[in-house]
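Structure first, commentary second.
The values are calculated or read from the model by the stated rules, or taken from the named source; none is laboratory data. What you see is a predicted model; the values in this text were computed from it and never measured. Don't worry about glycine lacking a Cβ; one is built from the backbone with ideal geometry, like all the others, and counts go over all protein chains shown. Heads up: the accessible areas ignore ligands, DNA and RNA and are worked out on the full protein's heavy atoms, side chains in. Shrake-Rupley method; radii C 1.70, N 1.55, O 1.52, S 1.80 Å.
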Amino acid sequence: HSYSLLSASRGLWTSPHCMTVSGDSQLLPLPSQARVVICGGGIVGTSVAYHLAKLGWTDIVLLEQGRLGAGTTRLCAGIVSVAKPISIECQMANYSNSLYQQLEEETGIKTGYVKTGSLCLAQNQDRFISLNGSLKVMGISCNIIKPKEVAKLHPLVNIHDLVGALHLPADAVVSPPEVNHALAVAAAGQGVQILERTSVQQVLVEKGHVMAVETDRGSIECEYFVNCAGQWAYELGQASEMKVSVPLHGCEHFYLLTKPLQEPLPPNAPVVIDMDGRIYARPWQGGLLSGGFEKNPKPIFTEGRNQLEIQNMQEDWDHFEPMLCALLRRMPGLESAEIHQLVNCPESFTPDMRCLMGETPGVSGYYVLAGMNSSGLAFAGGAGKYLAEWMTYGYPTANVWPLDIKRFGNLQSSRTFLRHRVMEVMPLLYELKVPRWDFQTGRQLRTSPLYDRLDTQGARWMEKHGFERPKYFVPPGKDLLSLDQSKTFYKPDWFDIVGAEVKCCKEAVCVIDMSSFTKFELTSTGDQALELLQHLCANDLDVPVGHIVHTGMLNERGGYENDCSVVRLSKNSFFIVSPTDQQVHCWSWIKKHMPNDPHLHLEDVSWKYTALNLIGPRAMDVLAELSYVSMTPDHFPSMFCKEMSVGYANGIRVMSMTHTGEPGFMLYIPIEYALHVYNEVMSVGQKYGIRNAGYYALRSLRIEKFFAFWGQDLDAFTTPLECGREFRVKFDKDTNFLGREALLQQRQDGVFRRFVMLVLEDHDTELDLWPWWGEPIYRNGQLAGTTTSSAYSYTLERHVCLGFVSPPPGKEGLPTPITPDFINRGDYEVDIAGQRYPAKAKLYPFSSLFTQQKRRKEDMELSNLQGK
């Protein structure tokens with residue numbers, strides 16, 4: 001096994017021309033200016049160049065530090081599979097598959113494209129359930145098959161321990177350097193200049209905008225810069241004049257190559273993905289290529305290491321042994337196969353297993369596409385297309401928020417954090433992820449001042465944007481171990497705990513620490529703050545001081561860029577509360593539209609305030625006792641904010657809202673007072689039955705009230721008219737807010753999809769699989785949409801799913817406007833892992849009706865008891 005990686009990789013993909021487009025060993029002259037400079041000549045960079053050229057861009061320069069496609073692209077396994085965890089990734093992979101197939105016709109270059117199909121194996125029932133997802137909703141051809149059918153499709157696969165498999169007949173394999181070469185040739189044919197052996201040293205920025213790129217051969221003035229530097233993307237971001245956070249880290253990734261088998265494997269044999277065994281395998285030159293994602297990955301540092309050093313990383317047979325054993329268990333017939341070599345192909349991984357895409361928050365014109373988590377080939381085509389659209393039109397044609405680099409901030413750019421997190425991420429790629437799982441590394445980074453107090457009281461934690469948030473509180477005496485290890489698609493072990501918290505919210509009073517919310521203050525000397533918000537917000541912000549307004553911040557298409565609550569603190573001062581993961585995105589959205597006015601000031605005050613949510617009918621009693629002020633609706637109307645004293649603490653912003661539809665108050669407390677106020681609230685609340693609660697209770701309460709949340713139900717493609725929020729749009733005011741024209745047009749043309757509430761019937765909470773999100777919705781037997789969030793409603797004693805439905809296309813395939821009649825007259829079903837359950841669809845919450853019925857039932861039971 002003593003081949004060097006360089007000689008090994010030369011034998012891997014036989015290509016006489018994969019390294020350069022010009023074919024000329026002389027360096028081409030460096031242009032003095034360009035419209036866009038792309039850094040990175042791997043498959044991601046060439047895809048961006050190709051798609052920008054297709055969209056009519058000129059003056060594109062692509063720079064590569066070594067040879068074109070000589071980094072990870074040259075060594076990657078060449079599998080294009082659409083079986084990805086989230087919808088946008090499936091769409092990207094699906095597009096890549098079609099693109100790579102057509103590139104041969106477009107360029108005349110053989111890309112090694114073979115439609116092999118793939119088999120995703122399941123060794124246990126939970127894995128089988130996870131494979132039975134919603135790929136069909138996206139129009140992707142797939143079938144759940146039995147083990148015997150697996151054996152027919154791939155003779156080498158041992159099926160004795162399999163429950164079943166997912167067969168994706170359209171999946172393919174390619175030669176990555178050839179695809180890269182074809183993209184580069186096609187891009188060059190459209191006028192893209194490709195320069196090899198040219199290293200980018202830094203990006204020059206002026207007034208927050210990209211101005212030029214400095215290389216080892218001189219400078220290029222440009223308007224746009226795209227960082228597609230793969231494993232070097234992090235260092236390149238840090239090397240810029242204004243540092244750009246690109247949170248990724250490299251890990252070694254190994255795969256094995258065999259010599260041709262005695263009975264050579266046909267080139268169209270299916271790819272095998274055995275996630276329970278942590279391995280994948282594909283046909284390769286009559287033999288097999290097999291790698292995997294081990295439990296103990298080896299992170300690498302790329303600082304100061306050039307491309308050649310990364311290419312020549314050593315094989316490690318001891319490290320690969322568990323994957324070799326798993327391969328031999330899955331394909332025992334390989335025992336006599338001869339090994340060609342073990343390849344060490346470094347890959348870059350991100351903190352949440354999703355790639356990084358989009359314009360960076362701090363520097364206008366600086367775009368990133370990197371961190372492919374070992375799916376660079378499958379994603380490159382689609383990701384390049386979406387980024388090119390983003391740069392051209394200001395937005396892509398699909399919702400890419402799950403991949404948007406603005407989901408991260410500087411807090412995720414610590415090298416130590418990234419090193420620890422990627423060691424967890426790499427094994428997680430193939431691990432079974434049950435609903436509501438949490439990362440274990442990089443935790444306790446951002447915490448509320450109450451963290452230790454809540455932790456000692458049994459809080460179980462989840463993390464959002466680096467912030468620890470309580471899920472629920474384990475009561476004293478409960479078996480903690482079994483609860484922490486509860487992993488299931490069925491009824492979870494925390495069911496009764498959350499139920500008790502919800503009951504307390506309904507009948508007494510609960511406290512939820514919601515300090516993770518994003519909080520901004522916008523102030524001005526004159527009307528500038530109001531004018532900016534009136535332009536950015538769909539709802540009317542010209543309200544009396546103290547009033548709270550729920551509003552969306554819409555884009556030009558009328559879609560939600562943010563959904564927030566805004567308080568008018570004074571004539572020229574506003575307090576903006578947004579979702580936790582909006583901290584970077586919302587800041588950059590407001591800044592992007594903010595005039596350069598010294599009299600207008602935006603401040604992020606997220607860290608200045610601890611937020612406590614007091615939910616329940618007795619919340620007003622607790623606060624009244626602590627403030628000596630009446631908190632009844634007569635004295636403190638709904639959606640109102642007052643600055644008050646609570647206990648000894650002054651300057652507490654008290655708001656009559658709870659984000660759940662239940663009575664209560666949000667308290668925004670300066671952090672130095674947080675512990676005092678919390679202790680006082682808990683002390684006084686004892687006689688009112690107070691208890692701590694977590695976000696799972698909040699989720700149940702908000703979903704049964706049909707409250708949509710940004711990032712789960714709402715996104716940049718959802719408009720207020722589609723989710724029943726037309727009443728939060730100031731159509732009656734003569735104010736030209738962002739998105740107004742699009743909404744007026746939509747109002748005229750009709751809405752083609754609608755946000756609905758579905759209550760499951762004939763669904764056994766104890767025995768049936770639970771809905772979590774992403775389930776297909778059927779109307780009269782036809783696919784009509786998918787769920788976006790769901791929860792068990794302890795009030796209705798049923799599962800509630802929220803989601804969007806659309807009517808089937810009309811004549812000539814055009815969308816049909818949706819009507820209330822369409823929704824009310826349909827027979828609905830929700831598909832949970834292949835099993836359909838009937839559901840009642842509503843356009844408004846009907847918990848009140850159920851509550852009345854439940855109360856009547858309880859009254860009857862009570863009278864019967866009294867009668868006995």
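For segment 183-236, dividing the convex hull volume of the Cα atoms by the residue count gives 100 Å³ per residue. Taking label positions 7 Å along the Cα-Cβ direction at both Ala239 and Asp452, the computed distance is 4.4 nm, reported to one decimal.
Pairs from the table (Lys519/Lys591; Lys148/Lys433; Lys471/Lys506; Lys519/Lys733; Lys207/Lys464) lying more than 21 angstrom apart at Cα are Lys148/Lys433; Lys519/Lys733; Lys207/Lys464. Can you spot the lysines whose alpha carbon is less than 20 Å from Lys842's alpha carbon? Ignore those fewer than 8 places along the same chain. List returned: Lys705, Lys854. Length gained on full extension, Arg415 to His547, computed as 0.36 nm times the residue gap minus the Cα-Cα distance: 43.2 nm.
Calculated on the alpha-carbon coordinates, the convex hull of segment 305-437 measures out at 180 cubic angstrom per residue.
Rg ratio for segment 523-588: its Cα radius of gyration over 2.2 N^0.38 Å, N being its residue count, equals 1.06. When both bridge partners sit in the chain, DSSP labels roughly 85% of those beta bridges antiparallel.
Using the Cβ-Cβ distance between Leu27 and Glu338 with R0 = 45 Å, the FRET efficiency computed as 1/(1 + (r/R0)^6) comes to roughly 0.60.
Here the gap between Ile671 and Lys115, fully extended at 0.36 nm per residue and compared with their Cα-Cα distance, gives a gain of 194.3 nm. Pop the C-beta distance of Asp318 and Glu223 into the FRET formula with R0 = 30 Å and round what comes out to the nearest 0.05. Once the sixth-power term is evaluated, E becomes 0.05. Seen from all directions on average, segment 432-539 presents a Cα convex hull projection of 11.1 nm².
The residues of the chain expose on average 40 square angstrom of accessible surface per residue, using a 1.4 Å probe on protein heavy atoms. Cut-off 19 Å, label point 7 angstrom out along Cα-to-Cβ of Asp216: give me the residues of segment 148-182 whose amide nitrogen falls inside. Inside the label zone: nothing. Taking the alpha-carbon distance from Lys295 and a cut-off under 14 Å, which aspartates and glutamates remain once sequence neighbours fewer than 8 residues away in the same chain are dropped? Lys295 reaches Glu252, Asp276, Asp318, Glu321, Glu424, Glu431.
Of the trypsin sites (Lys or Arg not before Pro) found in segment 485-553, the ones in coil according to DSSP and having at most 15 other Cβ atoms within 10 Å of their Cβ are Lys487. Rg over Rh for segment 32-191 works out to 1.07, using Cα positions for both radii and the Kirkwood form for Rh. For the chain, a simple Cβ point-charge model (Lys and Arg +1, Asp and Glu -1, everything else neutral) yields a dipole of about 1060 debye relative to the Cα centre.
Note: relative contact order over the chain, using C-alpha pairs below 8 Å and six or more positions apart, is 10 percent. Mind running the shape call on segment 387-431? Use the C-alpha gyration tensor, a ≥ b ≥ c as the square roots of the eigenvalues: rounded below 1.5 for a/c, prolate if a/b tops b/c, oblate otherwise. It comes out oblate by the Cα gyration axes. The convex hull drawn around the Cα atoms of segment 457-605, when projected onto a plane and averaged over every direction, covers 12.0 nm². So for segment 518-692, averaging the separation of alpha carbon pairs under 8 Å that are six or more residues apart and normalising by length, what relative contact order in percent results? That works out to 20 percent. Along each principal axis, taking the top coordinate minus the bottom one, the Cα set of the chain gives 85, 69, 59 Å in descending order.
The alpha carbon centroids of segment 328-369 and segment 147-161 are separated by 27 Å.
Counting only DSSP H runs of at least 4 residues, each contributing -39500 (n - 2.57), and dividing by the residue count of the chain, the helix-based mean residue ellipticity at 222 nm comes to -8500 deg cm²/dmol. For segment 563-626, applying the loop criterion from DSSP together with a ceiling of 15 other beta carbons within 10 Å to the trypsin sites (Lys or Arg not before Pro) yields Lys571.
Taking the Cα atoms of segment 518-692, the ratio Rg/Rh between the radius of gyration and the Kirkwood radius comes to 0.99. Carbon-plus-sulfur fraction of the accessible area of the chain, 1.4 Å probe, in percent? That share works out to 50 percent. Modelled spin-label separation between Ser573 and Lys433, with each label point placed 7 Å from Cα along the Cα-to-Cβ direction: 4.2 nm.
Report the FRET efficiency, 1/(1 + (r/R0)^6), for Phe495 and Glu149, where r is their Cβ-Cβ distance and R0 is 51 Å, rounded to 0.05. It comes to 0.90.
Using all pairs of distinct alpha-carbon atoms, the Kirkwood hydrodynamic radius of segment 658-714 works out to 13.4 angstrom. Normalised by the number of residues in segment 25-176, the mean separation of alpha-carbon contacts (under 8 Å, six or more apart) gives a relative contact order of 25 percent.
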